[in-house]
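Below is one structure; the comments refer to it alone.
The values are calculated or read from the model by the stated rules, or taken from the named source; none is laboratory data. From a predicted model like this one, the values you see are computed outputs, not experimental measurements. Glycine gets a Cβ as well: all are built from the backbone with ideal geometry, and neighbour counts include every protein chain shown.
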Amino acid sequence: MNPNDISFPNLNIYLTDVPKTITAFGDFTIALYGMIIGTAMILCVITAAYDRKSRGLNPDAIWDLAFYGILSGIIGARAYYVIFSWDMYKGNIPEIINLRHGGLAIYGGVIGGFLAVFIYSLIKHENPLEIADSVALVFPLGQAIGRWGNFFNREAFGGWCENVLAMRLPVAAVRSGDISPEIQSHISEGLDYIQVHPTFLYESLWNTALFIGLFLYRKNKKFSGEILFLYLFFYGLGRFFIEALRTDQLIMPGVNFPVSRIVALACMLVSAVFIMIKRVSVGHSSQDLSQE
């Protein structure tokens, strides 16, 4: 199998010479992963501003927040990855800031992005949950697009599989650390490729469905913050199961369990409790008004 090929044999899709980078201005190399992430960010900002305007709110808050939110998200994504991969960086501190070698964790990006939202809201005296709703609405859109960066990087895949969406990658094209013992047992049969769960695709499809659902529901929300917590619940639900398939998990020290699955469970629990409390409160308020 050619080192640059990617295929989905059960769908009869065979892609040849799939690049990781493109060259511009002669010899300047641009990573496709970065281009995809940049495109996702631009579309997210435009969509969030549209959401605010369509609900009769000032979209300027999104444009003002965009730079700080994106910067905070990138810092958060990198910090999260470095913290839970510290053994890789403790002997080479300068490598921490070298993003060209990869190493961004989406939950860290979510935390960083929403931290910027709340700080901005406090400074500008805005309702933080209303802004967070618009930001949360577009997060799954950005994640659905951004996951295709993993496709070009040949990463974020699961164990060996034979299902209809199974993806084949040349052994030479993937990081050795991402090849689990279970996958290795198949390679030993003389194959020069791995056939794995395309977990990047599973998550992209899940996030696309989540974005569509939230977009259709957003004008019917019952309280400020509902879109935020619906996003955290349903993204956490999908991520909990998809993460279990991946071979490149970040493990929580001491408990030997994937960090992202722990965070997913926490997001689901907190979101479910918040939504139930707020819906009960809204229900009681509606009853009180109807009795007056």
Tally time: how many residues in the stretch 233-256 are among the aromatic types (Phe, Trp, Tyr), without any contact (Cβ under 8 Å) to a residue 40 or more places away in the chain and over 17 Å from GLY159 (Cα atoms)?
1
Which numbered condition trips up LYS278, out of (1) in a loop (DSSP other than H, G, I, E, B); (2) of a type in the set (D, E, K, R); (3) in contact with an Asp or Glu (Cβ under 8 Å, 6 or more places away or on another chain)?
(1)
Could you tell me how many of the residues in the stretch 213-261 are hydrophobic (A, V, I, L, M, F, W, C), in a helix (DSSP H, G or I) and crowded, with 16+ Cβ neighbours inside 10 Å?
13
Take the conditions in contact with a Gly (Cβ under 7 Å, 6 or more places away or on another chain) and of a type outside the set (Phe, Trp, Tyr) and apply them to ALA48. Does it pass?
no
Condition first: part of a helix (DSSP H, G or I) and at pLDDT 95 or above. Can you find one or more residues in the stretch 190-199 that meet it?
yes
The correct count of residues that are closer than 27 Å to ILE70 by Cα and in a strand (DSSP E or B) in the stretch 1-34 is 8
Could you list, in sequence order, the residues of the stretch 178-215 that are charged (D, E, K, R) and in contact with a helix residue (DSSP H, G or I) (Cβ under 8 Å, 6 or more places away or on another chain)?
ASP192, GLU203
Is there a residue being within 23 Å of the chain's Cα centre (by Cα), modelled with pLDDT of 95 or more and within 27 Å of TYR107 (Cα to Cα) anywhere in the stretch 171-182?
no
It is to be established whether one or more residues within the stretch 191-212 are surrounded by fewer than 20 Cβ atoms within 10 Å (Cβ to Cβ) and within 29 Å of VAL280 (Cβ to Cβ).
yes
Among the numbered criteria (1) hydrophobic (A, V, I, L, M, F, W, C); (2) more than 20 Å from PHE229 (Cβ to Cβ); (3) in contact with a Phe, Trp or Tyr (Cβ under 8 Å, 6 or more places away or on another chain), which one does ILE123 miss?
(3)
Can you run down the residue pairs with Cβ atoms below 9 Å, 6 or more apart or on separate chains, where the first is in the stretch 129-140 and free of Cβ contacts under 8 Å to residues at least 60 places away in the same chain and the partner is in a helix (DSSP H, G or I) and not hydroxyl-bearing (Ser, Thr, Tyr)?
none
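Yes/no per residue for (1) among the basic types (Lys, Arg); (2) surrounded by fewer than 16 Cβ atoms within 10 Å (Cβ to Cβ); (3) at pLDDT 90 or above:
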site: LEU11; (1), (2), (3): no, yes, yes
site: LYS20; (1), (2), (3): yes, yes, yes
site: PHE28; (1), (2), (3): no, yes, no
site: ALA40; (1), (2), (3): no, no, yes
site: TYR81; (1), (2), (3): no, no, no
site: ALA105; (1), (2), (3): no, no, no
site: ALA116; (1), (2), (3): no, no, yes
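Run down PHE223, PHE211, PHE152 and say which single residue is under 20 Å from CYS267 (Cβ atoms) and touching a Lys or Arg at 6+ places or on another chain (Cβ under 7 Å).
Matching residue, one of PHE223, PHE211, PHE152: PHE223.
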Which one of these is within 21 Å of the chain's Cα centre (by Cα), within 16 Å of VAL18 (Cβ to Cβ) and among the aromatic types (Phe, Trp, Tyr): PHE211, PHE200, PHE215?
PHE200
